[in-house]
Each structure stands twice: as C-alpha cells, then as structure tokens.
C-alpha cells in the first residue's frame, strides 16, 4: 500500500500499524497544511556559529529567527529533529523557542549571497521552507545570552526546566550538550532560560534511540540545583500523556521537503519513542539519585 505522508490517520496502535485510513486534508505546495501561515524572511542580520550554518533573520511577522537552511551541511533530518523536539518540549511544559517553517525570497538570497559550505564547496540556498527558531526577545532592544556563570544559576526563574529537559534528552537520545539562551524578565534582575537546538536528538541523523552515558556537561550544576522528585514525577507524567493523535498532528506540520523519502523511518522512530517511555523512569533515576534527596 502506498504511504502518503501528508494525508493520513491511523487505526489501532497509531505508529505500530502501517495501514492508513485516508482523510482528505488541504495542503499547499510544500506539503504544509494551509492553516499554517508561511512566514517570510525580510532581512538578514548575521551568520550564527555552529555546524548547521544558520542565520539570524527578521521576518515579516516582525520577530527574529535563527534560520537553518533546508540544505544545511548537517542534513534535512536535523530540521525534523529540531521541529519535533521543540514541539515535544512544549508538550512537557518546558520553556523552549517557538519554531516554524520559513521561506527566504529569491531576491533576498541573491542580495545577501546566502549559501552553505560543504567542505570547500558552496551550495546556494533555495527558497525553502527552512527551519526557524524564534528568538524570545528582540535582540536589538534587549540583551540575550547563551551562557551564564554558575554563580547566577539561583537567579534563573525556571531552573527546574533544566532538569525536565535533562529527562527529555535521555528519552530522546540527545547526543549534543544541551543549549539554552537567557534574558531578563521584564522589569526584573532575574533571568529566564529558553531551551534551544534539538538538532541532535534521536542520535542526530541516525534516527535511533539508545541509552547514552552521562557526560560532563556545563549544565550539570543546573540539573543538580533544579532537580526534585516533584519535577521528575511531573515530567514523566507529562511525557506519558503525549498521545498518538498529538504526534500525528505535529507530523502533518512538517514540510515535505524535509521528509522526502524518510516518512516510514520517522514513523518507526516515533514508535520506538513511545515504547521507550516504559523504561524512562528507571533510566533517569539511575543517573539522578545523587541529585535528589529521598
């Protein structure tokens, strides 16, 4: 049976079944549901650090986004990981950057000479859609940081989000150190943390799940300070409450360009992710017993 990745519902066990019940849905040229408004870049500010060679751009909704190209050097799967990871973190109520597909007009690509480097070769960007991670504040008006010294950890208002994200990263097999940005809450001297960059969950482009050794991470202190039995129980519960219908809705939002030829493998990955929930508590508890007073 032919799998149509943009027009599906499932019966029974959603991700264990490969039999689809067709349900017509309206989609535009890139495979996105038409109910999603396509955001367009209008100004390029600078290139960002990192292997994906992203850019800071302002878009026509007046917000700033870090934009990863669909033909970035790390591959299309990093965009899928970023999108799905951001949506999952929101479902477990972690403060994370909003994400959306973004198109870059051909005129802007030409004016700015936008390209990605593959070794010594440069590849011209297409119009997209690309992945956009929304900057939580206007960086022209408010300071935003990608690092805070340990002595300022007590001034992070949502420090428990670090521990919740640690649990998520164990569930989703994130092979990169966790990244976050920080900004001061309006009218306050305290900081808010926003989690970013999920491109290397699911073991990166390999799209598999495995138990990872705990490595030395700068944010170990944040995990320790933010750890509590209450956060552990709450995060495990929220992960267990994620439904198959919710995941199906998220998958419908992912542009076809990012997923060409990979839909069935992504479904297998999501099935494994659901099954991995059964062992998540035991996996996390063996690592965090030293952080939580029992």
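The values are calculated or read from the model by the stated rules, or taken from the named source; none is laboratory data. If you're wondering where the values come from, they're calculated on a predicted model, not measured in any experiment. Here the Cβ positions follow ideal geometry from the backbone for every residue, glycine too, while neighbour counts run over all protein chains shown.
Taking the conditions (1) surrounded by fewer than 18 Cβ atoms within 10 Å (Cβ to Cβ); (2) in contact (Cβ under 8 Å) with a residue 60 or more places away in the chain; (3) in a loop (DSSP other than H, G, I, E, B) in turn, residue 188 satisfies each one other than (2).
Just one of the listed residues (172, 193) is within 16 Å of the chain's Cα centre (by Cα), surrounded by 13 or more Cβ atoms within 10 Å (Cβ to Cβ) and within 21 Å of residue 139 (Cα to Cα), and it is 193. The selection criterion, being in a helix (DSSP H, G or I) and modelled with pLDDT under 95, holds for residue 225.
Once region 129-158 is narrowed to residues that are modelled with pLDDT under 95 and in contact with a helix residue (DSSP H, G or I) (Cβ under 6 Å, 6 or more places away or on another chain), the residue that is surrounded by the most Cβ atoms within 10 Å (Cβ to Cβ) is 153.
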